[in-house]
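Beneath this line is the structure, given in structure tokens, with notes to follow.
The values are calculated or read from the model by the stated rules, or taken from the named source; none is laboratory data. This structure is a prediction, so every number in the text was calculated from the model and none was measured. With ideal geometry, Cβ positions are generated from the backbone for all residues, glycine too; neighbour counts draw on all protein chains shown.
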Amino acid sequence: MRILHFSDLHIGVENYSKTDPGTGLPTRLLDFLSALDELVEYALNEGVDLVLFAGDAYKGRDPSQTHQREFAKRLARLSGAGIPSFLLVGNHDLPQPVGRATAVEIFRTLDVPNVIVGDQMHTHVVSTRSGPLQIVSLPWPNRSRLLNRDESRGLSLDEVTAAIERICTEGVQREASRLDPGIPTVFTAHVTINGATTGTEQNMMLGRDHTLYPSVVHRPEFDYVGLGHIHKHQVLREGPTVAYSGSLQRVDFSEERDTKGFCVVDLNPDAPQGKRMTDFQFHPVSARRFMTIESRVPDGVLDPTSQVLQDIARQDVAETVVRLTIHVSPDMEPLLRDAEIQRALEPAHYVASINREVPRERRQRVPAGTGEGMTPIEALDLYFESHKLEPARKAKLMQYARELLNEDEMSPEPMEPGGIST
């Protein structure tokens with residue numbers, strides 16, 4: 001029995017987008033759909049018996065008609081091929097007001113074949129081509145559903161969170177005790193497990209986070225634990241394997257170095273409980289690359305733009321979302337040629353930012369009277385000295401200054417009193 005596990009699709013994240021001329025849709029929306037297409041093709045071609053989605057189909061609780069249409073297209077391909085899809089409700093799928101539908105409830109309302117929605121803690125028995133499979137589901141905890149008004153009256157937010165975590169823990173134990181040990185079992189939850197490495201999802205939070213201990217979900221009754229909510233793929237425990245699949249696409253630069261993809265689990269239904277897993281693999285998808293370029297312009301470089309262009313040329317920026325940071329001294333900053341730098345970044349899909357990191361020193365004032373009687377060259381020499389300029393660079397700049405002033409023809413008249421500002 002082969003199970004494909006993914007999560008945190010977040011259709012609707014469209015930052016760093018352009019408009020695609022062929023479809024009129026944001027290019028980042030197409031990125032997320034393209035990754036989902038890779039997953040669907042794998043499921044259709046590699047003998048997948050069930051697709052397990054661990055929550056957060058959309059960016060927000062009220063997806064647009066276009067976002068719903070595109071998600072439904074992909075589910076329809078799986079459904080038409082006889083591959084069941086299990087859709088767990090995540091925090092981005094859950095409505096705020098009580099009584100409103102979840103973002104994925106429409107599939108159950110329309111009774112779409114081979115699509116099962118997990119919107120409550122429950123054990124589902126799903127028929128697959130390789131036999132029955134038990135799926136224990138723990139969606140994003142709904143405070144209104146788990147706690148009635150009398151239970152939560154007068155409780156602080158921390159106390160409410162602790163109560164929900166207790167209810168979830170007791171619920172997992174209860175469902176595990178009711179399982180048929182002769183049928184393979186997968187546990188899925190949209191929740192934070194203590195010790196997991198978190199990322200962008202913390203900035204995208206809709207609702208208060210809840211955390212469970214690993215021991216709550218790492219149970220011998222489960223053959224695999226497929227989690228959602230954390231965007232970084234990671235295996236927390238083995239025997240059984242407890243894994244976050246992570247998101248299919250990068251959301252921002254905090255996920256720049258994360259590999260994106262989905263998990264594939266092979267189970268032997270005929271093996272005894274606890275010994276059914278025969279293989280676990282993570283399959284990367286072609287996620288849009290994010291790239292940070294740090295260009296550091298050394299002191300003494302006569303053409304800082306050339307240094308920046310060399311640093312850009314060392315990277316393959318084609319079709320990336322790129323940000324550039326230029327570290328440059330104050331006296332070199334005016335020499336940067338923005339147009340050339342922007343042209344060098346044109347192969348990128350999107351230029352998120354071009355920042356200049358310029359160390360700013362407090363201005364020092366030469367005491368009054370110090371500049372009296374100075375020639376311009378002497379004043380410039382004092383200026384360079386006060387800025388502790390490198391000797392070789394100072395000598396070269398002084399040479400240029402003399403050529404400009406043509407000292408041989410100038411009258412070395414004294415400067416006006418009052419000092420100079422540096």
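Give the residue that is modelled with the lowest pLDDT, with candidates limited to residues of the range 290-327 that are in contact with a Ser or Thr (Cβ under 8 Å, 6 or more places away or on another chain) and assigned to a loop (DSSP other than H, G, I, E, B). In this case the residue turns out to be Asp299.
Every residue in the range 161-172 that is without any contact (Cβ under 8 Å) to a residue 24 or more places away in the chain and not charged (D, E, K, R), please. Write out each step before concluding.
As a first pass, look at the range 161-172 and keep what is without any contact (Cβ under 8 Å) to a residue 24 or more places away in the chain: 162-163, 166, 170.
Answer for the range 161-172, where residues must be without any contact (Cβ under 8 Å) to a residue 24 or more places away in the chain and not charged (D, E, K, R): Ala162, Ala163.
Can you tell me which residue within the range 261-278, out of those that are of a type in the set (D, E, K, R) and touching a Lys or Arg at 6+ places or on another chain (Cβ under 9 Å), is farthest from Leu33 (Cα to Cα)? Break it down into steps so the answer makes sense when it comes.
Initially, the range 261-278 is screened for residues of a type in the set (D, E, K, R), giving 266, 270, 275-276.
Add one more test, that the residue is touching a Lys or Arg at 6+ places or on another chain (Cβ under 9 Å), and what stays is 266, 270.
Numbers: Asp266: 26, Asp270: 36 Å.
The qualifying residue farthest from Leu33 (Cα to Cα) is Asp270.
Looking across Arg28, Arg69, Arg74, one residue alone is in contact with a helix residue (DSSP H, G or I) (Cβ under 9 Å, 6 or more places away or on another chain), over 19 Å from His190 (Cα atoms) and assigned by TED's automatic domain parsing to the domain that holds Ser137. It is Arg74.
Each residue in the range 1-59 was checked for being assigned to a helix (DSSP H, G or I), farther than 29 Å from Pro269 by Cβ, of a type outside the set (S, T, N, Q) and touching a residue at least 12 places away in the same chain (Cβ under 8 Å), and 7 of them qualify.
Against the conditions (1) buried (at least 23 other Cβ atoms within 10 Å of the Cβ); (2) farther than 30 Å from Arg337 by Cβ, Val322 satisfies every one except (2). If you go through the range 237-258 one residue at a time, do you hit one that is closer than 21 Å to Val13 by Cβ, exposed (fewer than 13 other Cβ atoms within 10 Å of the Cβ) and within 14 Å of the chain's Cα centre (by Cα)? Yes, because at least one residue in the range 237-258 is closer than 21 Å to Val13 by Cβ, exposed (fewer than 13 other Cβ atoms within 10 Å of the Cβ) and within 14 Å of the chain's Cα centre (by Cα).
Residues that are of a type in the set (Asp, Glu) and under 16 Å from Asp93 (Cβ atoms) within the range 105-134 comprise Glu105, Asp119, listed in sequence order. How many of the residues making up the range 105-137 are touching a strand residue (DSSP E or B) at 6+ places or on another chain (Cβ under 7 Å) and either small (Gly, Ala, Ser) or modelled with pLDDT of 90 or more (or both)? Qualifying residue count, the range 105-137: 18. Considering only residues in the range 375-386 that are without any contact (Cβ under 8 Å) to a residue 40 or more places away in the chain and not hydrophobic (A, V, I, L, M, F, W, C), the one that is surrounded by the fewest Cβ atoms within 10 Å (Cβ to Cβ) turns out to be Glu385.
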